[in-house]
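What follows is a set of notes on a single structure, which appears directly below.
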Amino acid sequence: MSAILAHLSRPSILAPLIITAVYLVHHYLTKERVVLPKSFPVINSRPTDRFFPYLRAKFRNTVNFKSTMMLANTKPYNTKPAILPLLGIPNLILLPTTDIEFIQEQPRSILDPAKQTDQRLQLQFTSPNPDLMDLHQHVAQNRTVMDYMTTQIGNLVPDLVDELEFAGSKYWGDEASTSEWKEVGVYKTMTGILALVSNRIFVGSPLNRTQEIIKVGMQYSVDVPVVSAAIRCLWDPIVPLVGWLLTIPVRRRARQFEKLLEPEITKRVKAWDGMGADSDSVTEKKVSSLEPEPNDAIQWCLKSAKASGDPLMWKSTTIADRILIMNFASIHTSDYVLTQVLLDLAHSKQDYLDQLREEVETALRENGGWNKRTIGRLVKLDSTLRESARLNSFQPAALPRVVMAEEGIKTPSSGDVVIPKGAVVVVPAYNVMHDEKIYKGAELFKPFRFVGSGQGFVQTSSEYLAFGHGKYACQGRFFASVELKTMLAWLLVHYDIQLREREERPPSSWLVWNVIQPLKAKIRVKRREVLVDF
């Protein structure tokens, strides 16, 4: 017996036993918080699982979610709702694709997408300001995104290009330093370029080039997904304390970001308040002491704050927190899209690159340089982005909604069975966008697949869920589209990309239900001689 105990006390044996025991206790103390319908099948639960069948199904789904999506494409999961056990995401029900239109039509009082975002990101802990937990729901925030950012897209293209000249030279090399092929990390350089370009729009120039602002904003964007995932795996009774402790670094980043932006925001608020009431419309006022009036997100937030009449909205910390949230939402997703599309192109055909470059240069000549008209003419480039987003969507399970109706909800596929309040429903977006019946050669990268189809990069449908679908689709996708198309067009005009069509494209990684772009992948680029001054 002593020999057995001595063997079990070895760290290499004891540690896994303790971890397993703790997890089993955690699992059975924190079973699904909602009683899910027993008539629904459990994905990846097998008849041979005599012990802990639900726990084993959860393990299989968590460690190999791509395989789970493949399984969801088979009967009975592709015709009726199924329970989808996942670590850190309780009460999850996978609905078949036939329910997509039904889901997107439901009001938030029935199926709420924002509630699921709160749960997934643990906003009560990770939000920059607890008083602003519902900031993404606030009318002022919606007005900022929809009325200001979207309407200013055309005016912002020259600013984007001006910043690209600086950022592109810094990360991919200028004429002097890149006359020969240069190997660059795609994700690393895209993150750096995007931080500069996006913050040119968020905080304006020259503040966007402040290294500390970029650093703190990026650290916050990295910390939130990691910390929120850890909190979701905690035992409920210890969440308030441990969740608060885990997010100390997140709150520290937010306070740093607020201090960095405070002088600029305070200057603008004072300028605004010093104008008096010369205009009947607060949104039409110009900041006379800041001519020309800044055209960036700080100013848009200030305008929407004053229009709301809520003093909390124009505090410097509030506006800084909103800019930090924009950084998180924008850079976190845009670097994914650009990394994937550049890798797709680098492992495709030279003809694709030639056609895209010709389209951009022709549009520049015919429309007088870099402007909204030019970007709007880039049909092939738009199709390329849509195709890459289809093939590499980072949301394999999309349209997450929390059931809010007290009486629960019945979907077309659930029949008379009620999905209870508190359950989270999703659909298998990966299966839709890799369906051979919808997309011929679905596993192939065909950049011009959507040319002439009338389906643009940001146009959602039940067959294209990269931005969600319906009235709750990503609000910032129109701005993101112009930013991404401008960046990709500029890079193609100013750099050659060495093809690696004979090499296997670096694969993405699956982390539970998130897809992670190849973080270490590299390509070779060389600065082109641009003969025409666009």
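Given a 1.4 Å probe and every protein chain left where it sits, what share in percent of the accessible area of the stretch 36-96 is carbon and sulfur?
It is 59 percent, rounded to a whole number.
Could you give the length gained by full extension between Lys520 and Leu444, i.e. 0.36 nm per residue of separation minus their alpha carbon distance, to one decimal place?
Between Lys520 and Leu444, full extension yields 25.1 nm more.
Where does each of 330-341, 302-313 land if you order them by average Cβ count within 10 Å, highest first?
So the order, starting with the most tightly packed, is 330-341, 302-313.
Stokes-Einstein at 25 °C, 0.890 mPa s, Kirkwood radius from Cα pairs: D for the stretch 419-464 in µm² s⁻¹?
In µm²/s, the coefficient rounds to 193.
Membrane-span-like helices in the chain: DSSP H runs reaching 20 Å or more (Cα, own axis), mean Kyte hydropathy at least 0.0?
Working: long enough: 11-29 (26 Å, 1.42); 153-172 (26 Å, 0.10); 186-202 (23 Å, 0.92); 211-232 (32 Å, 0.58); 248-273 (35 Å, -0.97); 316-346 (44 Å, 0.77); 350-366 (24 Å, -1.27); 477-494 (25 Å, 0.96).
Answer set is 11-29, 153-172, 186-202, 211-232, 316-346, 477-494.
Extending each Cα 7 Å along its Cβ direction at Glu406 and Asp354, get the distance between those two points in nm, one decimal.
With each label placed 7 Å out from Cα toward Cβ, I get 6.8 nm.
Probe of 1.4 angstrom, ligands and nucleic acids ignored: what's the accessible area per residue over the chain, in square angstrom?
Result: 45 Å² per residue.
Net charge near Ala489, counting Lys/Arg +1 and Asp/Glu -1 over other residues with Cβ under 12 Å of its Cβ?
-1
Mind checking the full-extension length gain between Asp147 and Cys233? Use 0.36 nm per residue of separation minus the Cα-Cα distance, one decimal, nm.
Stretched out fully, the Asp147 to Cys233 stretch lengthens by 27.1 nm.
Can you give me the three principal axis dimensions of the chain from its C-alpha atoms, in Å, biggest first?
Here the Cα extents, ordered largest to smallest, are 78, 60, 56 Å.
Enumerate the whole-percent occupancy of each 5 Å bin, from 0 to the last occupied one, for all C-alpha pair distances of the stretch 203-246.
With 5 Å bins starting at 0, P(r) equals 5, 20, 20, 13, 12, 10, 9, 6, 4, 1.
Relative to the present Cα-Cα distance, how much length would full extension add between Lys66 and Arg108 at 0.36 nm per residue of separation?
Using 0.36 nm per residue and subtracting the Cα-Cα distance, I get 12.2 nm.
Taking 22 Å as R0, compute the FRET efficiency from the Cβ-Cβ separation of Thr266 and Leu312 and round it to 0.05.
Computed FRET efficiency for Thr266 and Leu312: 0.90.
Which FRET efficiency value, to the nearest 0.05, is calculated for Ser39 and Lys471 with the Förster distance at 41 angstrom and r the Cβ-Cβ distance?
Numbers: r = 31 Å, r/R0 = 0.76.
E between Ser39 and Lys471, to the nearest 0.05, is 0.85.
Could you give the spread of the C-alpha atoms of the stretch 305-416 along their three principal axes, from largest to smallest, in whole angstroms?
So the three principal-axis extents are 56, 48, 23 Å.
The values are calculated or read from the model by the stated rules, or taken from the named source; none is laboratory data. The structure presented is a predicted model; accordingly, all values stated were derived computationally and were not measured. Methodologically, a virtual Cβ is constructed for each residue, glycine included, from the backbone with ideal geometry; neighbour enumeration extends over all protein chains shown. Remember, those area values only see protein heavy atoms, side chains included, never the ligands or the DNA or RNA. Shrake-Rupley method; radii C 1.70, N 1.55, O 1.52, S 1.80 Å.
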